[in-house]
Amino acid sequence: MLYRRIQEWFFRALMGLSLVIVLGSLVAMLGVLAWRGIGAISLEVLFQTPKGGYYLGGGGGIANAIVGSLYLALGGTVLATVLSLPLALALQREYASPRLARLTRLTLDVLAGTPSIVYGVLAFVIMVRIGMGASLIGGILTLTVLMLPIMTCAMAEVIALVPREMKETAYGLGATRWESTLAVVVRQSLPGLITAVLLAFGRGIGDAASVLFTAGFSDRIPTSLADPTASLPLAVFFQIGSPVKEVQERGYASALVLLVLVLLVSVVSRLIGRRFSRHVIR
Amino acid sequence: MSRIAIRNLTVRYGKHDALRNMNLDIPDGKITVILGPSGCGKSTLLRSLNRLTDLYDEVSVEGQVLIDGENIHDPRADLLALRKKVGFLPQRPFPLPMSIADNVRFGPRIHRMTREDILRQIGAPADAAASRHAAMDLLVEHYLKQAGLWEEVRDRLHAPGANLSIGQQQRLALARALAVEPEVILADEPTSALDPISAQLIEKRFQALKEKYTIILVTHVLRQARRLADYVIFLYMGEMVEHGPASFLNSPRDPRTRAYVGGEIS
């Protein structure tokens with residue numbers, strides 16, 4: 001009896017501990033970044049590109065990296081969504097045989113687990129072969145490939161949760177597979193689909209390794225897809241490595257901006273998602 | 001009204017025979033109840049009448065189901081037209097993830113019904129609605145009334161279907177099925193998830209609807225069969241044991257039917 005009570009207590013304590021660690025990490029991360037970086041945040045840092053001598057402590061800001069990251073991540077997210085959604089829908093029983101679906105899922109799992117530097121190197125090799133330099137479009141395409149398996153897996157998972165009876169209802173009324181998919185499956189899984197897009201966006205905007213060779217780095221905001229572009233993760237990397245204190249602080253500020261961007265996109269998308277989940281059947 | 005004839009029908013799941021060699025004519029304009037213990041093939045029989053069997057893996061169908069003389073299991077049969085003609089009411093009602101009104105509109109919408117089609121279908125005069133949209137509103141009202149749900153939802157047609165109670169959801173499912181103007185309604189234990197009052201409402205609807213539709217209902221509740229059935233099919237372990245006008249339940253011939261009716265097996 002005592003043993004069972006201890007067991008009960010032990011697992012409750014374990015769960016509490018995990019919760020504290022998870023919440024604590026978020027708070028600690030925000031705390032450290034705010035403490036080290038908030039002092040460096042100013043209108044100049046947020047809205048200007050680096051001026052001469054910036055990396056030695058001179059004036060200017062990280063607007064090149066903020067805008068570059070948004071271009072890269074949004075571009076990649078849009079392309080990956082356009083490709084992932086049809087793929088995830090096609091993994092339904094109605095379209096793909098169970099064997100094909102299993103094989104595709106396995107492949108996607110492997111791809112989702114592949115380190116991003118591998119994507120970066122692969123894309124770099126291809127770009128060199130076709131004579132393409134580090135550019136915004138190179139970065140976007142690499143991020144697309146990086147996001148694709150993550151997004152598709154997450155989407156396929158929520159699509160698989162749509163109750164079979166609900167689809168049966170649509171079919172019973174004479175709906176085609178496409179009509180059932182669009183009117184029932186997509187609507188029912190919409191909040192989950194939004195989460196999937198978000199997950200991939202977060203992964204993409206925070207990834208340094210895949211854009212290192214493919215998008216390069218630049219002090220200017222890109223004006224065409226062929227221009228190289230800066231990104232926040234690389235801005236963090238370059239600046240925190242600097243021996244100059246002002247530059248280091250701006251590195252922490254960049255990390256803070258990156259984190260806030262991801263949180264902001266997450267909250268906004270969830271609000272939008274809630275608006276669309278009114279009709280979801282629970 | 002449609003004529004349904006079943007000829008040498010065998011349905012297998014993998015190697016297991018869910019239904020063995022059935023031959024039967026289902027009477028028009030009546031309530032036919034498919035009765036029998038769990039796992040006897042009732043749902044399989046029902047689903048083979050509008051080819052929802054297609055959605056299951058490893059199902060094979062032999063023999064014929066003739067509706068108006070056409071074998072619906074012929075690969076060339078028009079599946080979408082069949083499912084429009086034969087409506088289906090599942091065991092647990094699933095509102096589609098949209099508003100109450102959109103649930104009813106779903107069928108007419110996917111079948112691309114025009115303003116004229118809609119007004120003709122609900123028997124309204126040709127000038128009752130000026131636009132397709134207005135005609136759809138009349139259609140929603142018409143079928144919600146037929147399903148006995150109108151009074152309860154008329155003020156919240158745009159609320160999600162999911163907000164309804166489960167008994168209301170089943171009547172919504174009925175309105176939704178009726179809105180494609182089927183000739184046959186298949187119902188798979190439509191009251192088993194409902195409270196007694198909601199169940200009674202549904203049963204009353206069926207009795208009112210049988211003038212216009214052929215209704216085929218699966219149940220394992222003997223008393224429900226007695227209340228509703230004009231014609232009864234008794235299945236046992238994938239085999240049709242007895243069938244005939246409902247009165248045969250009072251004097252079954254086969255020992256298995258006797259055991260079931262007598263309450264020895266359920």
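How many of the residues making up the stretch A:249-268 are of a type in the set (Val, Ile, Thr) and farther than 17 Å from residue A:28 by Cα?
3
Quick one: which of A:195, A:214 is farther than 30 Å from residue B:186 by Cβ, outside any helix (DSSP H, G or I) and not small (Gly, Ala, Ser)?
A:214
How many residues are crowded, with 19+ Cβ neighbours inside 10 Å and either of a type in the set (S, T, N, Q) or away from chain B (no Cβ under 13 Å) (or both) when one looks only at the stretch A:164-180?
Selection size over the stretch A:164-180: 2.
Could you grab me the full set of residues in the stretch A:181-203 that are touching a residue at least 24 places away in the same chain (Cβ under 8 Å) and closer than 30 Å to residue B:88 by Cβ?
Across the stretch A:181-203, the qualifying residues are A:181, A:185, A:186, A:187, A:188, A:189, A:190, A:191, A:192, A:193.
I'm trying to understand the selection: among the residues of the stretch A:99-131, which are touching a helix residue (DSSP H, G or I) at 6+ places or on another chain (Cβ under 6 Å), among the hydrophobic types (A, V, I, L, M, F, W, C) and either touching a residue at least 40 places away in the same chain (Cβ under 8 Å) or in a loop (DSSP other than H, G, I, E, B) (or both)?
Correct list: A:108, A:112, A:117, A:123, A:127.
Are any residues in the stretch B:147-174 in a helix (DSSP H, G or I), touching a strand residue (DSSP E or B) at 6+ places or on another chain (Cβ under 9 Å) and of a type in the set (A, V, I, L, M, F, W, C), and if so, which ones?
Across the stretch B:147-174, the qualifying residues are B:173, B:174.
Taking the conditions exactly as written (within 23 Å of residue B:210 (Cβ to Cβ) and not assigned by TED's automatic domain parsing to the domain that holds residue B:51), does residue B:112 satisfy them or not?
So residue B:112 fails the test.
Looking at the stretch B:94-105 only, could you name the residues that are within 9 Å of another protein chain (Cβ to nearest Cβ) and farther than 11 Å from residue B:173 by Cβ?
Result: B:97, B:98, B:99, B:102.
Just to check your reading of the model, which residue among B:101, B:199, B:177 is part of a helix (DSSP H, G or I), assigned by TED's automatic domain parsing to the domain that holds residue B:45 and surrounded by 15 or more Cβ atoms within 10 Å (Cβ to Cβ)?
B:199
Would you mention how many residues in the stretch A:261-277 are surrounded by 14 or more Cβ atoms within 10 Å (Cβ to Cβ) and either more than 14 Å from chain B (Cβ to nearest Cβ) or assigned to a loop (DSSP other than H, G, I, E, B) (or both)?
So the answer is 7.
Could you please find all residues in the stretch A:202-228 being in contact with a helix residue (DSSP H, G or I) (Cβ under 7 Å, 6 or more places away or on another chain), surrounded by fewer than 18 Cβ atoms within 10 Å (Cβ to Cβ) and among the β-branched types (Val, Ile, Thr)?
Scanning the stretch A:202-228 gives a single hit, A:221.
Would it be correct to say that residue B:144 is assigned to a helix (DSSP H, G or I), aliphatic (A, V, I, L, M), surrounded by fewer than 17 Cβ atoms within 10 Å (Cβ to Cβ) and in contact with a helix residue (DSSP H, G or I) (Cβ under 9 Å, 6 or more places away or on another chain)?
When the stated conditions are applied, residue B:144 does not pass them.
Can we say residue A:251 is free of Cβ contacts under 8 Å to residues at least 24 places away in the same chain and either of a type in the set (Lys, Arg) or under 27 Å from residue A:138 (Cβ atoms) (or both)?
Taking the combined requirement at face value, the residue does not satisfy it.
Taking into account only those residues within the stretch A:214-240 that are farther than 24 Å from residue A:56 by Cα and in contact (Cβ under 8 Å) with a residue 24 or more places away in the chain, which is nearest to the chain's Cα centre (by Cα)?
Applying the filter and picking the extreme gives A:214.
Answer yes or no as to whether residue B:205 is part of a helix (DSSP H, G or I) and surrounded by fewer than 17 Cβ atoms within 10 Å (Cβ to Cβ).
No, not satisfied.
Just to be sure before I move on: is residue B:57 in contact with a Lys or Arg (Cβ under 9 Å, 6 or more places away or on another chain), modelled with pLDDT under 90, within 13 Å of chain A (Cβ to nearest Cβ) and over 24 Å from residue B:256 (Cα atoms) in the structure I sent?
Criteria met by residue B:57.
Could you look through the stretch A:181-201, keep only residues that are over 16 Å from residue A:84 (Cα atoms) and surrounded by fewer than 24 Cβ atoms within 10 Å (Cβ to Cβ), and pick out the one that is farthest from the chain's Cα centre (by Cα)?
This residue is A:183.
What pairs can you find where one residue is in the stretch A:55-78 and not assigned by TED's automatic domain parsing to the domain that holds residue A:220, the other is in a helix (DSSP H, G or I), and their Cβ atoms are less than 6 Å apart, with a gap of 6+ or different chains?
Filtered contacts from the stretch A:55-78: no entries.
Any residue in the stretch A:135-164 that's in the same structural domain as residue A:84 (by TED's automatic domain parsing): show its pairings with residues that are part of a loop (DSSP other than H, G, I, E, B) and acidic (Asp, Glu) at Cβ separation under 6 Å, as long as the two are six or more apart or on different chains.
From the stretch A:135-164, the pairs are A:136/A:227.
Looking at the stretch B:79-90, can you tell me whether even one residue there is at pLDDT below 90, more than 30 Å from residue B:171 (Cβ to Cβ) and within 14 Å of chain A (Cβ to nearest Cβ)?
Checked against the condition, which is being at pLDDT below 90, more than 30 Å from residue B:171 (Cβ to Cβ) and within 14 Å of chain A (Cβ to nearest Cβ), the stretch B:79-90 yields no hits at all.
Could you look through the stretch B:149-174, keep only residues that are buried (at least 20 other Cβ atoms within 10 Å of the Cβ) and among the polar types (S, T, N, Q), and pick out the one that is nearest to residue B:50 (Cα to Cα)?
Looking at residues that are buried (at least 20 other Cβ atoms within 10 Å of the Cβ) and among the polar types (S, T, N, Q), I get B:170.
Quick check on this structure: which one of A:183, A:200, A:235 is more than 18 Å from residue A:145 (Cβ to Cβ) and away from every other protein chain (no Cβ under 14 Å)?
A:235
The values are calculated or read from the model by the stated rules, or taken from the named source; none is laboratory data. Quantities reported herein were computed from a predicted structural model and do not represent experimental measurements. Reconstructed Cβ throughout: ideal geometry from the backbone, glycine too, with neighbour counts over all protein chains shown.
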